[in-house]
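Structure record follows, encoded as structure tokens.
Read the figures in this text as sums done on the coordinates, not as results from a lab. Please read these numbers as outputs of a predicted model, since none were measured by experiment. A quick note on method: Cβ atoms are made from the backbone with ideal geometry, for glycine too, and the neighbour counts reach across all protein chains shown.
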Amino acid sequence: MLNEERVILMTRMASYEEHEGKKNMAIGRYFRSDYIAIQVIKSIFSATIAYAVVLALYIFYDFENFMQNIYKMDLIAFARSVLTCYGVTVVVYGIISYLLCTYRYAKAKKSLKSYYSNLKKLHSLYNEQ
């Protein structure tokens, strides 16, 4: 005989597993520090590539003027300003990704805790019969 409470609980759990559960279970396999470190490293790598592309577009936009003024400009000051902007970009991007990943991890862990609580409840419902 079917227990209506068990069916409702199993349906809710199956829906969770199908949608957000896959992502949360992948996040839950990591320790907090490992997950955040991996995500921050990936975001810093992405920020580096994005900065290089934007810098190249900036230089190629007016390449003729850049080449004419390259001998007149202070290359050390130019390199210093480029590296300073790069450092600021990477630090800001890293901080934002750290905060975002910390929030995602906490949210996933809370969701998984609820899921495992429902599993225990389902197990106890099966043991009652």
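For chymotrypsin sites (Phe, Trp or Tyr not before Pro), the sites in segment 46-129 that DSSP calls loop and that have at most 12 other Cβ atoms within 10 Å are Tyr71. With helices as the sole contributors, the chain gives -31500 deg cm²/dmol at 222 nm; each DSSP H run of n ≥ 4 counts as -39500 (n - 2.57), and the sum is divided by every residue. Given R0 = 41 Å, the distance between the Cβ atoms of Ser124 and Ile95 translates into a calculated FRET efficiency of 0.40. Computed over the chain, relative contact order equals 53 percent, with contacts defined as Cα pairs under 8 Å that lie 6+ residues apart. Counted by Cβ distance under 12 Å from Tyr30, the other residues give a net charge of +3, where Lys and Arg count +1 and Asp and Glu count -1.
By the rule of a C-alpha distance below 22 Å, with chain neighbours fewer than 8 residues away ignored, the lysines paired with Lys110 are Lys22, Lys23, Lys120, Lys121.
Can you tell me what percent of all Cα-Cα pairs in segment 4-128 are more than 24 Å apart? Percent of Cα pairs beyond 24 Å in segment 4-128: 55.
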